[in-house]
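A quick write-up on the structure given underneath.
The values are calculated or read from the model by the stated rules, or taken from the named source; none is laboratory data. Note that the coordinates shown come from a computational prediction; the quantities given were computed from them, not determined experimentally. When we count neighbours, we look across all protein chains shown, and the Cβ atoms used for this are built from the backbone with ideal geometry, even at glycine. In case anyone asks, the SASA skips ligands and DNA or RNA and just uses the protein heavy atoms, side chains included. Shrake-Rupley method; radii C 1.70, N 1.55, O 1.52, S 1.80 Å.
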Amino acid sequence: MDKNRQFLLRKRPEGLPTPDHFELIEAPVPEPRSGEVVTRTLYLSLDPYMRGRMNAGKSYARPVELGAPMEAGVVGRVVASADPGFKIGDIVNGPGYWADYSVHKAASLRKLDPSLAPPSTALGILGMPGHTAYVGTIDIGKPKPGETFVVSAAAGPVGSLAGQIAKIKGARVIGIAGGPDKCRYVVDECGFDDCIDHRMADFAEALAAACPDGIDIYYENVGGAVLQAVWPLLNRHARVPVCGLIAEYNDVAPRPGPNLRNLLSNRILMQGFIVGDHAERFAAFFADVSNWLRTDRIKYREHTVEGLENAPEAFLGLFSGSNFGKLVVRVAAE
Ligand code: NDP
């Protein structure tokens, strides 16, 4: 009988987690009850928000309990179904676990058609990160032709799509990413006008030089030192969709905030958002981005790690930028 390997949250981190915050155990493969479906994981999504779920404190998502399995978006093959809507062999996407098998409420799953797009894209460009980029850019950033649009974590699934959408909308687009390879990809493959390496000593000066007309939209994925360099460059009536603050997710104490005088004098609109509140925009996102993919107007990249056992180390790499593209773990062959 096959076993279900799964990672549990063993300890709550103070600062940057390490692999020993997770524990790999073996449990029996779950059986579905009425209205449930069991999947064999093919791909597991690793995302920055999971760091917040490792904390006990109140946030927009409830924490993972100590000793409970780590949660994740998964793409899986149905291996047992107690719901008439799903049959064995269906390929599906939905919330699951860092595990070989997950049991799901049938209503939480969407069926994928592998003839339309590779199933792993349901975790990236055609899934939650893509949806996030779409909402933040179109609904909050609202780039107009000729405006300067800057996005951080620009080589990742959210940032690279946000910039490419802004480009389609006619903006001049500047990425911020870590290292020359990522910056080259952002410009040469994704078609951004420029990309600045945030690890360079003269990062703030280089960013200012790349934005001679200031910044009209800053799509924020990072916070920390990157936000500090962006802040004085924001123009009158600039918009700042605050999507993520990954540079601050391992902080043990809150940082002092930015000088709000600039926000007031320049009438800047800064808006935090959580993609889960924008389910009504999923259909428009999916239609537009599928179309842009088909017509080759946007590019995407996946960073695939082999083997469930490597999930913790791969996850920790999100905080040093060792992923280059949407981070997924291939847990079993398609
Ligand atoms: P990525 O795959 O881009 O991974 C994160 C990247 O952030 C790293 O590869 C690294 O890229 C960069 N990074 C990490 N630490 C730092 C640091 N200290 N300073 C500067 N850059 C850093 O992630 P996603 O595209 O999946 O997510 C991007 C952001 O969007 C995250 O903050 C995430 O939490 C947020 N998000 C928010 C959602 C919402 O609903 N609001 C939904 C989904 C994502 P590099 O090498 O270029 O530095």
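Across segment 230-269, the volume of the C-alpha convex hull divided among the residues equals 72 Å³ per residue.
Using a Förster distance of 35 angstrom, determine the FRET efficiency expected from the C-beta separation of Glu280 and Leu260, and round it to 0.05.
Working: r = 32 Å, r/R0 = 0.90.
The calculated FRET efficiency here is 0.65.
Start at zero, step by 10 Å, and the Cα-Cα distances of segment 110-203 spread as 18, 43, 30, 8, 1 percent across the bins. In terms of overall dimensions, segment 20-109 has a Cα radius of gyration and Dmax of 13.7, 41 angstrom. Scaled to the globular estimate 2.2 N^0.38 Å, the Cα spread of the chain, given as radius of gyration, is 1.01.
Could you give me D for segment 1-49, from Stokes-Einstein at 25 °C and 0.890 mPa s, where the hydrodynamic radius is the Kirkwood radius over C-alpha pairs? Units µm² s⁻¹, please. Before the final figure, lay out each step's value.
Details: Rh = 13.5 Å.
Once the numbers are plugged in, D ends up at 182 µm²/s.
For segment 73-105 and segment 234-283, what is the separation of their C-alpha centers, rounded to whole Å? The two parts, judged by their Cα centres, are 35 Å apart.
Normalised by the residues of the chain, what does the relative contact order come to in percent, with Cα pairs under 8 Å and at least six apart? Provide the component values of the computation, followed by the final result.
Numbers: 721 pairs, mean separation 57.6, N = 334.
Over the chain, the number comes to 17 percent.
Computed over the Cα atoms of segment 128-277, what is the convex hull's projected area averaged over all directions, in nm²? Spell out each step's value before the answer.
On the way: hull surface 34.3 nm².
If you wrap the Cα atoms of segment 128-277 in a convex hull and average its projections, you get 8.6 nm².
Helical content alone sets the calculated 222 nm signal of the chain at -5000 deg cm²/dmol, taking -39,500 (n - 2.57) per DSSP H segment of four or more residues and averaging over every residue.
How big is D, in µm² s⁻¹, for segment 193-251 by Stokes-Einstein at 25 °C and 0.890 mPa s if Rh is the Kirkwood radius over C-alpha pairs?
Values: Rh = 12.0 Å.
So the translational diffusion coefficient is about 204 µm²/s.
Each 10 Å bin from zero up to the one holding the largest Cα-Cα distance in segment 213-293 carries the following percent of pairs: 16, 39, 30, 15, 1.
Give the dimensionless ratio obtained when the Cα radius of gyration of segment 243-334 is divided by 2.2 N^0.38 Å. Each step should come with its number before you reach the end.
On the way: Rg = 18.5 Å, N = 92, 2.2 N^0.38 = 12.3 Å.
Against the empirical 2.2 N^0.38 Å value, I get 1.51 for segment 243-334.
The loop-placed trypsin sites (Lys or Arg not before Pro) in segment 223-294, going by DSSP, that have at most 14 neighbouring Cβ atoms within 10 Å of their Cβ come out as Arg267.
For Tyr249, the shell of other residues with beta-carbons less than 13 Å away shows a net charge of -1, using +1 for Lys and Arg and -1 for Asp and Glu.
Note the count of lysine pairs whose C-alpha atoms are less than 19 angstrom apart in the chain, limited to pairs 8 or more residues apart or on different chains. Close lysine pairs found across the chain: 13. Surface exposure of segment 128-277, expressed per residue as accessible area with a 1.4 Å probe, stands at 42 Å².
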